[in-house]
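Okay, so here's the structure we're looking at.
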Amino acid sequence: MHRGKGMVFVGDSRVKADNRKANIPKDYSEYPGKTEAFWPNFLLREWMVGAVFLMGFLCLTVAHPAPLEAPADPSDGSYIPLPDWYFLFLFQLIKYQFASGDYNVLGTVIIPGVAFGALLLAPWLDTSKERRPHRRPIATALMMLGVISVIFLTWESVDQHDWEVAAQQGQLTEEAEIDMEAEGYEIYSQQQSCIGCHGDQMTGGSAGPNLLETEKSPEEVIEIVENGQGAMPGGEFEGSDEELQILAEYIANHGEDPE
């Protein structure tokens with residue numbers, strides 16, 4: 001008990017002070033170099049951003065379905081491959097001389113490995129508490145270099161791709177009704193130069209027309225096979241004259257046994 005100025009102050013250790021506060025995260029905006037509470041502020045915002053992005057992505061897939069092509073044909077040597085858009089910059093990188101051929105490992109493993117490895121190690125390589133880009137010149141420069149490189153390589157890949165040819169290759173077509181038991185098809189299937197351009201169904205591709213739509217006589221077919229026409233070279237038939245005659249009659253008859 002303490003006496004002073006006519007008032008008596010009594011203290012009792014059994015009475016606990018009421019210092020309890022509501023479970024409200026601190027406002028870290030007043031403290032530079034600090035971050036906000038992970039739960040629930042940061043995590044809730046991340047969930048909301050992820051949900052908005054997911055809904056937008058789903059709407060995009062509904063409005064623009066993924067283009068489908070015919071099943072892969074290993075015999076089609078004229079097919080021009082193109083990866084998905086998020087790999088175009090890597091696809092373009094291996095087109096350059098310093099990242100292809102004898103240096104293929106450099107373009108496919110070392111350069112991407114160093115770039116993505118630096119990105120994963122960024123939190124440990126740059127420990128500055130500054131968040132303004134101009135106060136972090138090295139980290140900002142490296143990030144800008146990476147972003148510009150990805151954008152440039154992606155643009156170059158799109159610009160150099162032959163979209164007119166790509167629009168024709170791999171198209172879904174109805175399965176051709178041809179006689180695969182005929183002797184003419186057996187001869188045709190043994191000619192790699194024929195299958196490589198016209199496909200195993202004779203429906204054509206980016207390098208050769210549809211043979212089932214030809215309106216040429218057997219003699220005209222033989223003339224083209226022997227001497228070539230347009231981009232098609234001649235003299236590549238591997239077989240006897242009798243086999244060439246059977247093949248020509250088979251093609252002229254639209255994939256059916258003339259007998």
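Nothing in this text is a laboratory measurement; each read-out follows from the coordinates by a stated rule. Here the structure is a predicted model, which is why all the values come from computation and not from measurement. FYI the Cβ positions are ideal-geometry reconstructions off the backbone, even for glycines, and counts take in every protein chain you see.
Distance between the 7 Å Cα→Cβ label points at residue 54 and residue 254: 5.3 nm. Across the stretch 99-142, the residues whose backbone nitrogen lies under 18 Å from the label position 7 Å along the beta-carbon direction of residue 46 are 120-124.
For residue 242 and residue 192, the difference between the fully extended length at 0.36 nm per residue and the C-alpha to C-alpha distance is 16.1 nm.
Backbone geometry of the stretch 147-154 corresponds, through the Karplus equation with coefficients 6.51, -1.76 and 1.60 at θ = phi - 60°, to 3J(HN,Hα) couplings of 5, 5, 5, 5, 5, 5, 5, 5 Hz, x marking Gly and Pro. Summarising the label geometry, the points placed 7 Å from Cα in the beta-carbon direction at residue 63 and residue 156 lie 3.2 nm from one another.
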